Amino acid sequence: MIIHILGHRGEDILDYINKIIDSVKYIEKKIQKRPNIGLILGSGLGGLGERINRPIIIEYKDIPNFPISSVEGHKGRLIIGELGNKEVIAMQGRFHLYEGYLLKQITFPVRVMAGLGIKKLIVTNAAGGVDEKFSPGDLMIIRDHINFTGQNPLIGKNIDTLGPRFVDMTNAYDQNLIKLAKIAGKKLNIPLQEGVYMWLTGPTYETPAEIKLAKILGASAVGMSTVPEVIVAIHQGIEVLGISCITNMAAGILDQPLDHEDVIKTSLMVEDSFERLIVEILANI
Ligand code: HPA
């Protein structure tokens, strides 16, 4: 007997699980060693993928059920191999709500990485600095986040085999990984900020009034990604480290308009120290 379990938004849970399994199997056939750490590389930060040794590269478009990314500065491929003496799987390019994807699609790659067996996930992004102590080019360890979209990838019937219905987010960003990141920063002489990342849908940058609000609410930085992937990683019991590259000061903080070109330029400028930092963190995990 085939049991059809429909979520209240109409998604077919068995179908979703089968899609994850198909993608996992496709990737498993192409790799010799299982990755145990996942990396999601944000806007302009994808170059780290090039440092992976013995890389096995799989284009998203070739993986069954994978969405395909559309933003400039975002490639769309998985790179699996060795980095900092660890077996990693890196996403060069991620999916955003503003591209029109559903949150179940955006977070699908995290489900697949979990299926492949990762135990830790390092998420990175470009973000606008809200904290006036920040400067463009700063790297910020994400201590906590604020989901300001009113949306959540776990809405719908829970898949109990993947994780619990109600997920504790008290320590979403793992304290030990934060410690390792700080030690790595000190060792490499790369200054690190620490703060709260607020997720907004985009694709508009915020208004100066919205940034004032974000600040009052406790945000240190704002961005259009990361939180859905983190929520799903936590649902799966994966330990998370988040690092933002402050590519610009958020709207209204400086007397200048925001531009995607500048976001990419700044992230490329700090790419080298960002990459060295991640490799050092990986080496010490
Ligand atoms: N706002 C939202 N997302 C961003 C920004 C910003 O200022 N900079 C980079 N990503």
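Take the conditions crowded, with 16+ Cβ neighbours inside 10 Å and within 16 Å of the chain's Cα centre (by Cα) and apply them to Val24. Does it pass? No, not satisfied.
Against the definition (open to solvent by 50 Å² or more (accessible area, probe 1.4 Å), in contact (Cβ under 8 Å) with a residue 12 or more places away in the chain and assigned to a helix (DSSP H, G or I)), how does Lys215 come out, yes or no? Yes; evaluated as a whole, the condition is true for this residue. Considering the conditions (1) outside any loop (DSSP other than H, G, I, E, B); (2) over 18 Å from the mean Cα position of the chain (by Cα); (3) surrounded by fewer than 16 Cβ atoms within 10 Å (Cβ to Cβ); (4) not charged (D, E, K, R), Gln32 is excluded by exactly one of them, (1).
For the stretch 157-182, the tally of residues that are touching a helix residue (DSSP H, G or I) at 6+ places or on another chain (Cβ under 7 Å) and not in a loop (DSSP other than H, G, I, E, B) stands at 2.
To keep it simple, each residue is scored yes or no on (1) within 20 Å of Gly47 (Cα to Cα); (2) more than 13 Å from the ligand (Cβ to nearest atom); (3) in contact (Cβ under 8 Å) with a residue 12 or more places away in the chain; (4) crowded, with 21+ Cβ neighbours inside 10 Å.
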position: Lys182; (1), (2), (3), (4): no, yes, yes, no
position: Leu200; (1), (2), (3), (4): no, no, yes, yes
position: Glu210; (1), (2), (3), (4): no, no, yes, no
position: Ala219; (1), (2), (3), (4): no, no, yes, yes
position: Ala233; (1), (2), (3), (4): no, yes, yes, yes
position: Glu261; (1), (2), (3), (4): yes, no, no, no
position: Ile264; (1), (2), (3), (4): yes, no, yes, no
position: Asp272; (1), (2), (3), (4): yes, yes, no, no
position: Glu280; (1), (2), (3), (4): yes, yes, yes, no
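Set side by side, the residues Leu116, Leu154, Leu83, Leu139 differ, and just one is modelled with pLDDT of 95 or more, under 22 Å from Asn248 (Cα atoms), open to solvent by less than 30 Å² (accessible area, probe 1.4 Å) and in contact with a helix residue (DSSP H, G or I) (Cβ under 7 Å, 6 or more places away or on another chain), which is Leu139. The residues of the stretch 98-132 that are in a strand (DSSP E or B) and within 16 Å of the ligand (Cβ to nearest atom), listed by number, are Val123, Thr124, Asn125, Ala126, Ala127, Gly128, Gly129.
Quick check: is even one residue across the stretch 249-259 of a type in the set (A, V, I, L, M, F, W, C), open to solvent by less than 50 Å² (accessible area, probe 1.4 Å), closer than 30 Å to Ala114 by Cβ and touching an Asp or Glu at 6+ places or on another chain (Cβ under 8 Å)? Scanning the stretch 249-259, I find no residue that is of a type in the set (A, V, I, L, M, F, W, C), open to solvent by less than 50 Å² (accessible area, probe 1.4 Å), closer than 30 Å to Ala114 by Cβ and touching an Asp or Glu at 6+ places or on another chain (Cβ under 8 Å), so the answer is no.
The values are calculated or read from the model by the stated rules, or taken from the named source; none is laboratory data. Predicted model, so just to flag it, every value in this text is computed and none were measured. Glycine gets a Cβ as well: all are built from the backbone with ideal geometry, and neighbour counts include every protein chain shown. Accessible surface areas use protein heavy atoms only, side chains included; no ligands, DNA or RNA. Shrake-Rupley method; radii C 1.70, N 1.55, O 1.52, S 1.80 Å.
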